[in-house]
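K.L.:
Dumping the structure here so I can ask a few things about it.
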Amino acid sequence: MNHSNPRPLDGITVISLEHAIAAPFCTRQLADLGARVIKIERPGSGDFARGYDQRVDGLASHFVWTNRSKESLTLDLKQDSAGAILDALIAKADVLVQNLAPGASARMGLSFDTLHERYPRLIVCDISGYGEGGPYEKKKAYDLLIQSEGGFLSVTGGPGDEQMAKAGCSIADIAAGMYAYTGVLSALMLRDKTGVGSRIDVSMLESLVEWMGYPMYYAYNGAPPPARAGASHSTIYPYGPFPTGDGGTVMLGLQNEREWAAFCEKVLLDTDLASDERFCANFKRSENRDELRRIIVGSFARLTVDDVVQRLEDAQIANARVNDMQGVWDHPQLKARDRWREVESPSGPLPSLLPPGHNAAFSPRMDGVPALGEHTGSLLSELGISAEEQARLAASGAI
């Protein structure tokens, strides 16, 4: 493939007033497709995700994940001189993305209505916890809190309220970032048709609640919700983790009665079990899951992980190994598909996963993770601001 092939968003400029995960994840994906993303950060400290940890050669894991291929510009937006610089950048931009505290961007004159009069082609994407309007508009929102408000915690974890569990990744932020990303792409397509920009209002709550559609409909009209079932499926059985005799764990899942019969015959080596009245339909297996689990665990107790996986493969039953993070770094499928690249960072080269959804027509952009303010000088020079003026701005703390 020719690495010089045009990318879908080449020539598109995105200004982002972003922190944490939702907006940075959105804009990093826009950068993957070729957009120029200018990340506005607070002088001295920057995006507060820079300080979450030091796990990646001294850099923060969240920040490395969501900020490659961006330019970092430090601006203290409380100062008029910095506001004028931001205004000059927006005048040349196609998209403004922000996930500041509720109401903050409007107070700075960055609402869509204000900007649209001056820059009718500009697309504005506002990401917040609860969206504009409504009683929760100004309520603070972090990922775990939205997992709670959106019902995710109510169906995740083990039985009993004390065993509820959050997702091990920032699922509410990721959901909002994905809808912001697709929202910006659709707004760019709409602008091609109409010639004018539009506003996207993305709510973390609404993004996660969309993903909760199955448990919500399962509990429709006052019906009981799916029970928390740990790593097992709450309504399909057997579907989840099972221990093996060598101390390992195998994840497996059955979807229909044909697979149940094959599982009994080729994995458990017990053809009579397939017609057992307690287990001859999914709802019966789910109701009697404790009894069935004892049978499966007893059968697997004489086998290793490799033995069980081989039997499941022979029976064409879906299965997976329970990988830890090192297992994912070393995953043979990711290696075989050549999914890893190296990107530069302030700490040197780092491995980075290619974005999902390979398009044979172009290579995604995989540039470095920026140091705080790394591109301030070059961006200000691009705007025609002299070295002397830049020195004055730096002395005043505006940059």
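The values are calculated or read from the model by the stated rules, or taken from the named source; none is laboratory data. As the structure is a computational prediction, the values presented were derived from the model and not from experiment. In this analysis, Cβ positions are derived from the backbone assuming ideal geometry, glycine residues included, and neighbour counts consider all displayed protein chains.
K.L.:
Name, by its number, the condition in (1) in contact (Cβ under 8 Å) with a residue 24 or more places away in the chain; (2) more than 15 Å from Ala371 (Cα to Cα); (3) in a loop (DSSP other than H, G, I, E, B) that does not hold for Gly83.
P.N.:
(3)
K.L.:
A follow-up question, please. Residues that are among the acidic types (Asp, Glu), over 18 Å from Trp65 (Cα atoms) and in contact (Cβ under 8 Å) with a residue 24 or more places away in the chain: does the stretch 294-307 have at least one?
P.N.:
We begin by selecting, within the stretch 294-307, every residue among the acidic types (Asp, Glu); these are 306-307.
Now restrict to residues that are over 18 Å from Trp65 (Cα atoms): 306-307.
Add one more test, that the residue is in contact (Cβ under 8 Å) with a residue 24 or more places away in the chain, and what stays is 307.
Within the stretch 294-307, one or more residues are among the acidic types (Asp, Glu), over 18 Å from Trp65 (Cα atoms) and in contact (Cβ under 8 Å) with a residue 24 or more places away in the chain.
K.L.:
Which condition does Ile40 not pass, out of (1) among the β-branched types (Val, Ile, Thr); (2) buried (at least 20 other Cβ atoms within 10 Å of the Cβ); (3) under 19 Å from Leu185 (Cβ atoms), if it passes all the others?
P.N.:
So Ile40 meets the others, but not (3).
K.L.:
Moving on. Out of the stretch 226-245, which residues are in contact with a strand residue (DSSP E or B) (Cβ under 8 Å, 6 or more places away or on another chain), assigned to a loop (DSSP other than H, G, I, E, B) and in contact (Cβ under 8 Å) with a residue 60 or more places away in the chain? Full working, then the answer.
P.N.:
The initial filter retains those residues of the stretch 226-245 that are in contact with a strand residue (DSSP E or B) (Cβ under 8 Å, 6 or more places away or on another chain), namely 228-233, 236, 238-244.
Next cut, assigned to a loop (DSSP other than H, G, I, E, B) only: 228-233, 236, 238, 244.
Arg228, Ala229, Gly230, Thr244 - these are the residues of the stretch 226-245 that are in contact with a strand residue (DSSP E or B) (Cβ under 8 Å, 6 or more places away or on another chain), assigned to a loop (DSSP other than H, G, I, E, B) and in contact (Cβ under 8 Å) with a residue 60 or more places away in the chain.
K.L.:
Follow-up. If you take the residues of the stretch 237-284 that are surrounded by fewer than 16 Cβ atoms within 10 Å (Cβ to Cβ) and among the hydrophobic types (A, V, I, L, M, F, W, C), which of them is farthest from the chain's Cα centre (by Cα)?
P.N.:
Filtering the stretch 237-284 for residues that are surrounded by fewer than 16 Cβ atoms within 10 Å (Cβ to Cβ) and among the hydrophobic types (A, V, I, L, M, F, W, C), the one farthest from the chain's Cα centre (by Cα) comes out as Leu269.
K.L.:
Moving on. List every residue pair whose Cβ atoms lie under 6 Å apart, where the two residues are 6 or more positions apart in sequence or sit on different chains, the first residue falls within the stretch 378-393 and is within 12 Å of Ala82 (Cβ to Cβ), and the second residue, located anywhere, is at pLDDT below 95 and aromatic (Phe, Trp, Tyr).
P.N.:
As it stands, the answer is none, since no pair meets every condition given.
K.L.:
Of all residues in the stretch 307-357, count the ones that are modelled with pLDDT under 95 and in contact with a Ser or Thr (Cβ under 9 Å, 6 or more places away or on another chain).
P.N.:
The number of residues fulfilling the criteria is 2.
K.L.:
Looking at Gly368, Gly348, can you tell me which residue is in a loop (DSSP other than H, G, I, E, B) and at positive phi? Show your work before the answer.
P.N.:
Working: Gly368 fails: at positive phi.
Matching residue, one of Gly368, Gly348: Gly348.
Conditions (1) farther than 24 Å from Arg7 by Cβ; (2) at pLDDT 95 or above; (3) not polar (S, T, N, Q), marked per residue:
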{"residue": "Lys139", "(1), (2), (3)": "yes, no, yes"}
{"residue": "Gln147", "(1), (2), (3)": "yes, yes, no"}
{"residue": "Ser154", "(1), (2), (3)": "yes, no, no"}
{"residue": "Gln163", "(1), (2), (3)": "yes, no, no"}
{"residue": "Ser186", "(1), (2), (3)": "no, yes, no"}
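K.L.:
Residues of the stretch 239-275 being of a type in the set (Ser, Thr, Tyr) and touching a Leu at 6+ places or on another chain (Cβ under 7 Å), which ones?
P.N.:
First, the residues of the stretch 239-275 that are of a type in the set (Ser, Thr, Tyr): 239, 244, 249, 271, 275.
Of everything in the stretch 239-275, those that are of a type in the set (Ser, Thr, Tyr) and touching a Leu at 6+ places or on another chain (Cβ under 7 Å) turn out to be Tyr239, Thr244.
K.L.:
Looking at (1) more than 23 Å from Thr182 (Cα to Cα); (2) over 23 Å from the mean Cα position of the chain (by Cα), which one does Leu122 not meet, given that it meets all the others?
P.N.:
Just one mismatch for Leu122, condition (1).
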